[in-house]
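Please read the structure below before turning to the comments.
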Amino acid sequence: MTIEDRKSAVEILGDAGADAGPALILCEHASHRIPARYHDLGLAPQHAESHAAWDPGARALGLHLAAALASPMVASTVSRLVYDCNRPPEAASAMPEKSELIEVPGNRGLSPDDRAERVHSVYAPFCEAVTAQIAARQQRGHSTALITVHSFAPVYFGKQRAVEIGILHDTDKRLADAMLALAPKLPHRKIERNEPYGPADGVTHSLQIHGIAQRLPNVMIEVRNDLLRTPEDIARIGDELLTMIGPALVHLGLQSQGAAHA
C-alpha cells in the first residue's frame, strides 16, 4: 500500500474555500471499487457490484445537492465491503464477513494487521479529508451543516420496504426536525424519521464524529435506490430533497445558496 493508494481512497469534489454554500456533503458508500490488492474479496461479480458493495445513486445524488447548495462533497472511492467509512474501526460491520445474505470470503479471519491496514488506507484518508474540509471552512468563516447521503435497497431479507426517504439523526436532531417539518410539501413521498435505519443500528458514526463532535447541524439522508435509477430520477429526488433542505438551513440560520428550492 502506497501514499497514492491512500490518496485514491477519497475524492474531494469542490473546494472548502471557493464553495461558500452552507453545507458539507459526505458520501461514504459512493463506490463499489475494490482495489486489486484485496483480490475482489472473493466475491462473485454480481455481488461485487450489488447494493451490498455500495449505495447505488448516492454519489450522483450527493453531487446534485452539492451543486445546488454551492457546497463541497467528500466521497469514499472504495467499496464499503473493504471498509465501511460510516463505521468505527472496532465495529465488526466496518469489514463485514457477511452483508445481508452475501458472504464476503475476503473478510473472514482478518488479522489485527489486516484490519489496521484497511483503517490506515481507506478509513483514515476519508476522515482526514472531512476534517480538513471542516477546518478550512471554519477558517474562512463559512457556516456548515453536515449532510451525509445514502441509498437503501427496496427489499431487505425478503421484506419490501415502504419508506422512500429516511431522515436520520443521532442526539442532534436540529436539522432533521427542520427538514421533517417540511415533509408535508412532498405528500406523494413516504418520508420517515430514522428509517429504515437509526442510531441503534450503528449508522450514525459519521454524524457523531464529524457533526456532533464539531457542533455542526447534521443529518443523514437515505433514499430507496429504485428511485435513483436514471439521471432524471436523481434530479427529481434531489430537487424534492432541496425543498426541505433549503428552508431548513435558513431556519437554522445558515445561508442557503439553494434559494430556488426554498
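Every number in this text was worked out from the coordinates using simple rules, so none of it is lab data. Computed from a predicted structure; not experimentally measured. Note: ideal-geometry Cβ built from the backbone for every residue, glycine included; neighbour counts use all protein chains shown.
So which lysines can K185 reach, going by Cα to Cα under 21 Å and dropping same-chain residues fewer than 8 places off?
The qualifying lysines are K173.
Alpha carbons only, please: Rg and Dmax for segment 77-123, in angstrom.
Looking at segment 77-123, its Cα Rg and Dmax stand at 9.8, 28 Å.
What's the center-to-center distance, using Cα atoms, between segment 47-97 and segment 105-127 in Å?
If we compute the Cα centre of each part, the gap is 16 Å.
Using alpha carbons only, how many degrees (0 to 90, rounded to 10) separate the axis of helix 231-251 from the longest principal axis of the chain?
60
Taking the Cα-to-Cβ direction at A92 and at D114 and moving 7 Å from each Cα, how far apart do the two end points lie in nm?
Each label point is offset 7 Å from its Cα along the Cβ direction, giving 1.6 nm.
Cross-link partners among lysines for K159, C-alpha distance below 23 Å, same-chain residues fewer than 8 apart left out?
K98, K190
What span do the alpha-carbon atoms of segment 50-184 cover on each of the three principal axes, reported in whole Å from largest to smallest?
Answer, in whole Å and largest first: 45, 40, 28 Å.
Hey, what's the per residue convex hull volume over the C-alpha atoms of the chain, in cubic angstrom?
120
With only Lys, Arg, Asp and Glu charged, each at its Cβ (+1 for the first two, -1 for the last two), find how big the charge dipole of segment 3-255 is about the Cα centre; round to the nearest 20 debye.
Dipole magnitude for segment 3-255 comes out near 420 debye.
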